[in-house]
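Scroll down for the structure; my scribbles are underneath it.
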Amino acid sequence: MAYLLPPLASMVHAYLRPIKLTNKGICRAGYGELFDSIEDPNEGLKGACQGGHMALVSALIARGASRWHRGLDSACRGGHADIVTVMIEHCSTNELTHGLYGACRGGHQALVNEIISRGCNNFEWGLEGACRGGQLELARAMISRGATRYDWGLMAACTGGHIELAQLMISHGANLWNSGLDRACQRKRLKLVQMMIDHGATRCYNCDKSAAGHFT
Ligand SMILES: [Zn+2]
C-alpha cells in the first residue's frame, strides 16, 4: 500500500496516522496541491467533507462531484457545520438520513439536532451511527426517540469495538451473537469476540472457526 509523504505542517498528524494515497485520503488531509491527481471527484468529496476543507469541497463540486448524501454523511461525521449547510441544500429529506448517521457516529449533538429539525426521523440509522462511533449518549437519545433496531446496533458496536454500546444493545434485547462475532472478528476486536462467545456465539462467519477456535 502506498503512502503519501506529508508536507511539514502535517507531519505530526501523518506520523500518528499515515495518510492513504487515495482520492479520499488526499482530500481528507486537505492536500490541495495534489488536486490534479484526483480521479474520482465523488471519492474526493467524501474526504474533503470529513476533513472540513471547504475550498477543496467547492473545487470538487466544480469538477463534477455530486454525491451529496455521502458528502453530508462525511461532513456530519467530521462535525463541519459550514460544509453540512452546503450538502443539505442538495439533499432530499430522505437523504438526510445519511447526515443523521454521520452526526451520531461523530458525536456531534448540534448537527444531530440540525438534521432532525429539517425533518429527518430515521432514528434507526442514528442509533446505528452512534453505536458505530461509540457515542453512548446519542445512542440513548435515539432509543428515546423510538429506535429499536438493537441487533443492527450491536453489529455496529462490534465493528467499532465499543463495549459499552454493545452492552447497551444487549440490555435492550439484541442477541445476534454469531453476527456480532463475525463483525468483531473482522475488525479484530478481541474483547468483543470474547463477549459474543460468552453470550452464546457458536460459529464465526468471518473466519469459519468455531467460537472456541478463536483463542486456541
Ligand atoms: Zn472469527
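Just so it is clear, none of the values below were taken in a lab; they were calculated from the coordinates. Note that the coordinates shown come from a computational prediction; the quantities given were computed from them, not determined experimentally. Every residue, glycine as well, gets a Cβ built from its backbone with ideal geometry; the counts of neighbours run over all protein chains shown.
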Q: Can you pull a Stokes-Einstein diffusion coefficient for region 149-216 at 37 °C (0.692 mPa s), Rh from Kirkwood over Cα pairs, as a whole number of µm²/s?
A: 295 µm²/s
Q.
Helix-only mean residue ellipticity at 222 nm, the chain, DSSP H runs n ≥ 4 weighted -39,500 (n - 2.57), per residue, nearest 500. What is it?
A. -17500 deg cm²/dmol
Q. In the neighborhood of residue 66, defined by Cβ-to-Cβ distances under 13 Å, what is the net charge if each Lys or Arg adds +1 and each Asp or Glu adds -1?
A. 0
Q.
Give me the base-10 log of I(q)/I(0) for region 114-156 at each q in 0.17, 0.22, 0.30, 0.34 Å⁻¹, Debye formula, one uniform scatterer per Cα, rounded to two decimals.
A. -0.38, -0.62, -1.05, -1.22
Q | Net charge of neighbours whose Cβ lies under 12 Å from the Cβ of residue 211, counting Lys and Arg as +1 and Asp and Glu as -1 | A | -1
**Q.** Counting all C-alpha pairs of the chain, share separated by more than 24 Å (%)
**A.** 51 percent
(Q) Placing unit charges on C-beta atoms (Lys and Arg positive, Asp and Glu negative, everything else neutral), compute the dipole magnitude of the chain about its Cα centre in debye, rounded to 20. (A) 480 debye
(Q) Quick one: 3J(HN,Hα) in Hz for region 152-167, Karplus 6.51/-1.76/1.60 with θ = phi - 60°, rounded, Gly and Pro as x. (A) 5, x, 4, 5, 5, 5, 5, 5, x, x, 10, 5, 4, 5, 4, 5
Q) List the aspartates and glutamates whose alpha-carbon lies under 13 Å from that of residue 46, not counting same-chain residues fewer than 8 positions away? A) 73
